[in-house]
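Down below is the structure, laid out as structure tokens.
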Amino acid sequence: MLRVTAVAMVLGILTLAGCGHSGYAVRTVPSIAADNVGRPVSRLQEAFGEPRKIDQSATKWVYVWFLPQTPAGAPTGFHGCEMEVTVDARSQRVLGYSLSNIGWSNCRSVERRNPRSRALGS
């Protein structure tokens, strides 16, 4: 009986270990943005693609991404999450971010599948 329990435990551990190595993870947009404050903005560009726009001044740049979403029960229309990220112009490091709900979306529930999730702080 002890041998069967030991084998079951080993198989369970191997199964759990295998699940985490797929390279992909689904994380919420707020957690990805928060984990990248102080890090290079290029990491967010890799996660979300090219921004919709970049506003530039002498000391800071503001990157804007729109992440479309189709909330359940929402009427047809424009729904999603807009993320603005403030970046230091010289170091290109993220200073902060803000999220705006567009339409019936809720930015807290917008998830992103990211192949670099381990590098983005998960």
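The values are calculated or read from the model by the stated rules, or taken from the named source; none is laboratory data. Because the structure is a prediction, the values reported are computed rather than measured. Virtual Cβ from ideal backbone geometry, glycine too; neighbours counted across all protein chains shown. Just so you know, the surface numbers come from the protein's heavy atoms only, side chains and all, with ligands and any DNA or RNA stripped out. Shrake-Rupley method; radii C 1.70, N 1.55, O 1.52, S 1.80 Å.
The figures follow:
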{"read-out": "The listed residue being within 21 Å of ASN106 (Cα to Cα), among the charged types (D, E, K, R) and modelled with pLDDT of 95 or more, out of ARG39, ARG52, ARG27", "value": "ARG52"}
{"read-out": "Some residue of the range 99-108 being among the aromatic types (Phe, Trp, Tyr), more than 13 Å from ALA33 (Cα to Cα) and surrounded by fewer than 16 Cβ atoms within 10 Å (Cβ to Cβ)", "value": "no"}
{"read-out": "In the range 80-95, the residues that are in contact with a strand residue (DSSP E or B) (Cβ under 6 Å, 6 or more places away or on another chain) and in a loop (DSSP other than H, G, I, E, B)", "value": "ALA89, GLN92"}
{"read-out": "Selection within the range 50-73 - open to solvent by 30 Å² or more (accessible area, probe 1.4 Å) and not in a strand (DSSP E or B)", "value": "GLU50, ARG52, SER57, ALA58, THR59, GLN69, THR70, ALA72, GLY73"}
